[in-house]
Amino acid sequence: MNKYKSQLLVWSNLSWLFPAYLAIGTEKWVLTLPAIMVMFLSMNFHYRPTAAKERIDTVFSLLYISLGPALLTMSANPLQAWISAIVVTLFAGGVWLNAKHFDHKQNLAAYNLTHALWHVLASCVTSIIYLHYLGYL
């Protein structure tokens, strides 16, 4: 059962395919690579965790997060884009804080579930940012 729960952390990263799909579908290739990179780096780290993989995963994730405000600012309606991104980010941030609340050793199953949910919600935030940038919202 624990192995299945920890696999959630690996497979939940497939949710990054949706923002990648949005970028591919609109031929915004420069947005496709970061989504795919974050997905593979995170899957690799959660499959066989090491300190070095964690650092790489963290750096690329932070770089990817920094792309969001730039895209929001360049969208057709920046104020609406920022408001919707902030609302979803607050919800995702609550899930992240909940995941951080669980101690890995005391409640691994709960941590894995909330961390996997964090992956999905983070990709949803990215998808909303992409949809605003691409002019769909």
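When you look at Val87, is it modelled with pLDDT of 75 or more, more than 15 Å from the chain's Cα centre (by Cα) and under 20 Å from Trp16 (Cα atoms), yes or no? Working first, answer last.
Details: modelled with pLDDT of 75 or more: yes; more than 15 Å from the chain's Cα centre (by Cα): yes; under 20 Å from Trp16 (Cα atoms): yes.
Spelling it out, Val87 is indeed modelled with pLDDT of 75 or more, more than 15 Å from the chain's Cα centre (by Cα) and under 20 Å from Trp16 (Cα atoms).
Say we look at the range 40-56 and pick out the residues that are of a type in the set (D, E, K, R) and touching a helix residue (DSSP H, G or I) at 6+ places or on another chain (Cβ under 8 Å); which of these is surrounded by the fewest Cβ atoms within 10 Å (Cβ to Cβ)? Only one residue tops the list, namely Glu54. Taking the stated definitions as given, is Leu41 closer than 19 Å to Lys28 by Cα and either touching a residue at least 12 places away in the same chain (Cβ under 8 Å) or charged (D, E, K, R) (or both)? No, not satisfied. Restricting attention to the range 1-59, the residues that are over 30 Å from Gly135 (Cα atoms) and among the charged types (D, E, K, R) add up to 6. The one condition from (1) exposed (fewer than 15 other Cβ atoms within 10 Å of the Cβ); (2) in a helix (DSSP H, G or I); (3) over 12 Å from the mean Cα position of the chain (by Cα) that Leu31 does not meet is (1).
Answer yes or no as to whether Ala35 is farther than 16 Å from Ser127 by Cα and at pLDDT 90 or above.
Numbers: farther than 16 Å from Ser127 by Cα: no; at pLDDT 90 or above: yes.
So Ala35 does not fit the description; no.
Among the residues of the range 59-71, is there at least one that is in a loop (DSSP other than H, G, I, E, B), within 22 Å of Leu14 (Cβ to Cβ) and modelled with pLDDT of 90 or more? No: the range 59-71 contains no residue that is in a loop (DSSP other than H, G, I, E, B), within 22 Å of Leu14 (Cβ to Cβ) and modelled with pLDDT of 90 or more. Inspection of the range 106-118 identifies no residue that is part of a helix (DSSP H, G or I), in contact with a Gly (Cβ under 6 Å, 6 or more places away or on another chain), surrounded by 15 or more Cβ atoms within 10 Å (Cβ to Cβ) and on the phi < 0 side of the Ramachandran plot. Just one of the listed residues (Val59, Val95, Val125, Val88) is exposed (fewer than 14 other Cβ atoms within 10 Å of the Cβ), without any contact (Cβ under 8 Å) to a residue 60 or more places away in the chain and of a type in the set (Val, Ile, Thr), and it is Val59. Mind listing whichever residues of the range 62-85 are in contact with a Phe, Trp or Tyr (Cβ under 8 Å, 6 or more places away or on another chain) and buried (at least 17 other Cβ atoms within 10 Å of the Cβ)? Leu71, Leu72, Ser75, Ala81, listed by residue number.
Among residues belonging to the range 128-137 that are part of a helix (DSSP H, G or I) and in contact (Cβ under 8 Å) with a residue 60 or more places away in the chain, point out the one that is nearest to Ile86 (Cα to Cα). Working first, answer last.
The first filter runs over the range 128-137 and keeps only residues part of a helix (DSSP H, G or I), leaving 128-133.
Filter once more, so that each one left must be in contact (Cβ under 8 Å) with a residue 60 or more places away in the chain: 129-133.
Values: Ile129: 10, Tyr130: 14, Leu131: 14, His132: 13, Tyr133: 15 Å.
Among residues in the range 128-137 that are part of a helix (DSSP H, G or I) and in contact (Cβ under 8 Å) with a residue 60 or more places away in the chain, the one nearest to Ile86 (Cα to Cα) is Ile129.
All conditions in (1) over 19 Å from Pro19 (Cβ atoms); (2) among the small types (Gly, Ala, Ser); (3) touching a Gly at 6+ places or on another chain (Cβ under 7 Å) hold for Ala76, with the sole exception of (1).
If you scan the range 38-58, which residues turn out to be among the small types (Gly, Ala, Ser) and either outside any helix (DSSP H, G or I) or over 15 Å from the mean Cα position of the chain (by Cα) (or both)? Matches in the range 38-58: Ala51, Ala52.
The values are calculated or read from the model by the stated rules, or taken from the named source; none is laboratory data. Keep in mind the model is a prediction, meaning the values are calculated, not measured. Every residue, glycine among them, receives a Cβ derived from its backbone with ideal geometry; neighbour counts consider all protein chains shown.
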